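Encoded as structure tokens, the structure appears first; notes follow it.
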Amino acid sequence: MKKTLCSSTIIFLAPLSVSQPLTDINVLLGQPGTFNLTCDAFPTPKVTWFFNDTELKNSSKHKIESKQNVFSLTVNKCDHPDVGTYRAHIDNGIDKTEQTAKLHVGVKPKVEAAKPANEQSAVIGQDTQISWKFSGIEKPQVTWLFNGQPLPTNERFQINETDDGTSTLSIRHAELTDKGVYTAKATNAVGEVEAKTTLN
């Protein structure tokens, strides 16, 4: 009797598993910004990138890379038109999924003052004010320090901010212990800047 031998190959398929999802990024104006995601699967997935639903290709503006299970998109020389939602479509033939994230372009905070008031005098018992104006994209958050320590806000120390980026510290009934260095620190997602005033 003639024997017939049969052989078969078992292929193990692994569903898509995104271990590092896309996350929003904040990029300094003019600098590159990179999205990364890590996806494990077999067969190896194909990742297609989109910006506001327009498919992206490798170019001087966009660099698409994949190394093992890490997939990345770099946006070069980020500018305000690059702000928006980026989408990664992941497909390995047996499974597919999508990831989305946003790119924000910012400008570091800057002190806007023609002649910075680095020194200021106060009269004991009288009210005094210290003001600094800052610019930046997105609008920076301003915190105040006194001799390097966070300044508590109470009935004697009041902080007011206006829409044009001016932050004003008002000190009621100045005391001798109020003399020292007051620092206004402006911070946003891409940087920070400090402005100091010495109260004599």
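Any read-out appearing in this document is the output of simple, stated calculations on the displayed coordinates, not a laboratory observation. What you are looking at is a predicted structure, and each value in this text was computed from that prediction instead of being measured. FYI the Cβ positions are ideal-geometry reconstructions off the backbone, even for glycines, and counts take in every protein chain you see.
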Give the aspartates and glutamates reachable from Lys46 as a straight Cα distance under 15 Å; neighbours fewer than 8 places away on the same chain don't count.
Glu55, Glu65, Asp91, Asp95, Glu98
Reciprocal mean inverse distance between Cα atoms of the chain - Kirkwood radius, Å
21.2 Å
Largest-first principal axis extents, alpha carbons of segment 17-107, Å
42, 23, 22
Using a 7 Å offset from Cα along Cα-Cβ at Asn154, what residues in segment 174-200 end up with backbone N under 19 Å from the label point?
174-183
For each pair in Lys57/Lys139; Lys77/Lys196; Lys63/Lys102; Lys61/Lys102; Lys57/Lys77; Lys77/Lys102, compute the distance between the two Cα atoms and list the pairs where it is over 22 Å.
Lys57/Lys139; Lys77/Lys196
Which parts of segment 153-185 would a label at Lys139 reach, counting a residue when its backbone N lies under 19 Å from a point 7 Å out along Cα-to-Cβ?
159-170, 184-185
Segment 170-200: GluC sites (Glu not before Pro) in DSSP loop, at most 15 other beta carbons within 10 Å
Glu175
Once both label points are put 7 Å beyond Cα along the C-beta direction, the Asn52-Asp178 separation in nm becomes 5.0 nm
Check each of the trypsin sites (Lys or Arg not before Pro) in segment 11-117 and keep only those in coil by DSSP with at most 16 other C-beta atoms within 10 angstrom; list them in order.
Lys57, Lys61, Lys77
